[in-house]
Amino acid sequence: MSFYTIKWDEDAVLMLDQTRLPAEEVYNRYTDFNSVAKAIQGMVVRGAPAIGVAAALGIALGAREIIADTPESFFRQLENVCQIMGNTRPTAVNLFWAIEKMKKTAFAASNENLEQIRKALLAKALEIAREDMEICQAIGKNGAKLIPDSATILTHCNAGALATAGYGTALGVIRAASAAGKDIKVFADETRPWLQGARLTTWELMKDNIPVTLIADNMAGFFMGRGEITCCVVGADRIAANGDTANKIGTYTVAILAKEHGIPFYVAAPLSTIDLDCKNGSEIPIEERTATEVTHIRGLPIAPDGVAVRNPAFDVTPARYITAIITEKGIVQGDFAAGLAALFRN
Ligand code: MRU
């Protein structure tokens, strides 16, 4: 790919600043874990798998910053680093999945000296990043089978290379279908209030020469009604045990529209996004972000000063609206509870 989302470089984490796209392609250099946590909160890096990778690399960075005389002191401070990472964004379960992996790695190496523990943590973070890319490619390969030739695919938000260590989940399916020689067109919802569709999905698809048409969020029903959409493919931030899926705010509306028009609605996500501890969607924590994201665009007010605002960043699409969940281990359809649980047994 002609860009990267996140990478380790000597003693630092490099991240493409997604708040500045598409106007500027700027890579920020982070040399302390606190600034990585702030970058996650501030949407410099976003998208469930990318947030997990950023947290893992941030923890590896944090482990190098710790000054400790004893293992107890090191582990106490590492716990604090993990807590700060965990407090950044509550919905994407990949964040907590990655933090758990890092903690387990540290404990497994606890008989080693501190330098060895730090090395083990960096190795694990790099492994999480490398595997995420491979997982996205497997999701793409599995999902491409569901996409007919000459399909026009509607997607919401950005579940692409920018939301992962590379390649993407929903956009991974689109990339794989296109690479398989299918004539694919994409409709990208703009995705208010952060405009991930307008700013990011269009940017990365245009770089890959995959035809993309930008529409405002309230236009999806119009194009579905005219028979112009073949299927929808979206990503996920957390999938409950019964298949209920949290994804970017507005996904639920798209899913209902798709059902009304008899259009397949696919969710593409890695196993690290599936949270079997959440029985159903009502148990998924939903992040609410600051009001200015709704009242302002690029610093310009678009609403009267002092207006009441709600700004949930995600919604939950009930499983009954989802045609299939595409993972790296295969496609789950029908009985989601049984199918999702089986993925973790095989
Ligand atoms: O608020 P964001 O931009 O982090 O939300 C991202 C999404 O909702 C994505 O669709 C989801 O994380 C899947 S990314 C492969």
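So, R0 is 56 Å and r is the distance between the beta-carbons of Leu271 and Asp305; what FRET efficiency does that work out to, to 0.05? About 0.75, to the nearest 0.05.
Between region 258-290 and region 82-116, the alpha-carbon centres lie 24 Å apart. Estimated translational diffusion coefficient (Stokes-Einstein, Kirkwood radius over Cα pairs, 25 °C, 0.890 mPa s) of region 29-187: 147 µm² per second.
Val13 sits among other residues whose Cβ lies under 10 Å from its own Cβ, and their net charge, with Lys and Arg +1 and Asp and Glu -1, is -1.
A cut-off of 5 Å between modelled amide H atoms, ignoring neighbours fewer than 5 places along the same chain, links Ala324 with Phe265, Val267.
Taking the helices alone, the chain has a mean residue ellipticity at 222 nm of -12500 deg cm²/dmol, built from -39,500 (n - 2.57) per DSSP H run of at least 4 residues and averaged over all its residues. Let me know the Kirkwood hydrodynamic radius for the chain, please, with Cα pairs as the basis and the value in Å to one decimal. Mean inverse Cα-Cα distance, inverted, gives 20.4 Å.
For the modelled label position 7 Å from the Cα of Asp9 along Cα-to-Cβ, which residues of region 38-74 have backbone nitrogen atoms closer than 20 Å? Only 38-40, 43-46, 50-51, 53-62, 64-65 pass the distance filter. About its Cα centre, the dipole of the chain is roughly 460 debye, where the only charges are +1 on Lys and Arg Cβ and -1 on Asp and Glu Cβ. GNM on the chain, alpha-carbon springs under 10 angstrom: the most fluctuating residue among Gly330, Gly160, Gly250 is Gly330. Measure nothing but the geometry: give the 0 to 90° angle between the long axis through the Cα atoms of 48-65 and the longest principal axis through the Cα atoms of the chain, rounded to 10°. Computed tilt is about 10 degrees. Converting phi to 3J(HN,Hα) with the Karplus coefficients 6.51, -1.76 and 1.60 and the offset θ = phi - 60°, region 195-204 yields 6, 4, x, 5, 8, 9, 4, 4, 4, 6 Hz in sequence order, with x at every glycine or proline.
Taking the C-alpha atoms only, the angle from helix 336-345 to the longest principal axis of the chain is near 40 degrees.
Shape of region 249-290 from the C-alpha gyration tensor: oblate (a/c of 1.5 or more and a/b not above b/c, with a ≥ b ≥ c the square roots of its eigenvalues).
Rounded to the nearest whole Hz, the Karplus-based 3J(HN,Hα) values (6.51 cos²θ - 1.76 cosθ + 1.60, θ = phi - 60°) of region 145-160 follow the sequence 5, 7, 9, x, 5, 6, 7, 10, 10, 8, 10, 10, 6, 10, 10, x, with x at glycine and proline. If the segment from Ser2 to Ala341 were pulled out straight at 0.36 nm per residue, it would be longer than the present Cα-Cα gap by 118.3 nm. Among Gly235, Gly143, Gly306, the residue with the largest mean-square fluctuation in a Gaussian network model of the chain, with springs joining Cα atoms closer than 10 Å, is Gly306.
Computed from the coordinates by the stated procedures, all read-outs in this text should not be read as laboratory data. Keep in mind the model is a prediction, meaning the values are calculated, not measured. FYI the Cβ positions are ideal-geometry reconstructions off the backbone, even for glycines, and counts take in every protein chain you see.
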